Amino acid sequence: QVQLVESGGGLVQAGGSLRLSCAASGRTFSRYNMGWFRQAPGKEREFVAGIARSGETTQYAYSVKGRFTISRDNDKNIAYLQMNSLKPEDTAVYYCAADYSYLIRVSSSSYAYWGQGTQVTVST
């Protein structure tokens with residue numbers, strides 16, 4: 001089992017940057033693929049980025065590819081989401097999640113463990 005806590009959200013102007021962090025408890029962090037999802041008001045939760053256990057493989061939603069970078073530090077039990085060139089449409093609550101599957105999953109239903117979320121608001 002793993003517990004996740006996100007941080008780093010906030011208010012930023014369009015074109016700005018934020019780095020989200022997801023701190024995991026326990027000693028099994030390196031056994032999980034990690035994902036970042038987001039949910040805007042009135043919309044379904046959507047996949048943003050995922051990273052494999054080793055950190056060697058990543059996957060991104062088309063809407064953020066080239067602007068966001070997911071990474072992880074297995075020694076510190078932390079996953080990151082670096083967000084650059086932010087747009088107003090990136091405004092959402094961002095969640096990190098852990099998945100024990102072999103492959104990176106894009107469906108939220110595949111992830112067993114979730115953080116509480118952190119708000120990201122991008123102003124025009």
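The values are calculated or read from the model by the stated rules, or taken from the named source; none is laboratory data. This structure is a prediction, so every number in the text was calculated from the model and none was measured. Heads up, the Cβs are rebuilt from the backbone with ideal geometry, glycines too, and the neighbour counts pull from every protein chain shown. To get the accessible areas, we keep the full protein, side chains included, count just its heavy atoms, and leave off ligands, DNA and RNA. Shrake-Rupley method; radii C 1.70, N 1.55, O 1.52, S 1.80 Å.
Couple of notes before you dig in:
- All conditions in (1) among the acidic types (Asp, Glu); (2) touching a strand residue (DSSP E or B) at 6+ places or on another chain (Cβ under 9 Å); (3) not in a strand (DSSP E or B) hold for Glu6, with the sole exception of (3).
- Gly66 vs. criteria modelled with pLDDT of 95 or more, loosely packed, with under 15 Cβ neighbours inside 10 Å, on the phi > 0 side of the Ramachandran plot and not charged (D, E, K, R): yes
- Residues of region 28-45 that turn out to be assigned to a strand (DSSP E or B) and crowded, with 16+ Cβ neighbours inside 10 Å, as a count: 6
Conditions (1) in contact with a strand residue (DSSP E or B) (Cβ under 9 Å, 6 or more places away or on another chain); (2) free of Cβ contacts under 8 Å to residues at least 12 places away in the same chain; (3) outside any strand (DSSP E or B); (4) not β-branched (Val, Ile, Thr), marked per residue:
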residue: Ala23; (1), (2), (3), (4): yes, no, no, yes
residue: Gly50; (1), (2), (3), (4): yes, no, no, yes
residue: Val64; (1), (2), (3), (4): yes, no, yes, no
residue: Asp75; (1), (2), (3), (4): no, yes, yes, yes
residue: Gln82; (1), (2), (3), (4): yes, no, no, yes
residue: Tyr94; (1), (2), (3), (4): yes, no, no, yes
residue: Tyr102; (1), (2), (3), (4): yes, yes, yes, yes
residue: Gln116; (1), (2), (3), (4): yes, no, yes, yes
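- Candidate set from region 72-100 (those that are of a type in the set (S, T, N, Q) and over 20 Å from Arg27 (Cβ atoms)); member that is least open to solvent (accessible area, probe 1.4 Å): Thr91
- From the list Val5, Val48, the one residue that fits, being hydrophobic (A, V, I, L, M, F, W, C), under 13 Å from the mean Cα position of the chain (by Cα) and open to solvent by 30 Å² or more (accessible area, probe 1.4 Å), is Val5.
- The single residue among Gly55, Gly15 that is free of Cβ contacts under 8 Å to residues at least 40 places away in the same chain, touching a Ser or Thr at 6+ places or on another chain (Cβ under 8 Å), assigned to a loop (DSSP other than H, G, I, E, B) and open to solvent by 20 Å² or more (accessible area, probe 1.4 Å) turns out to be Gly55.
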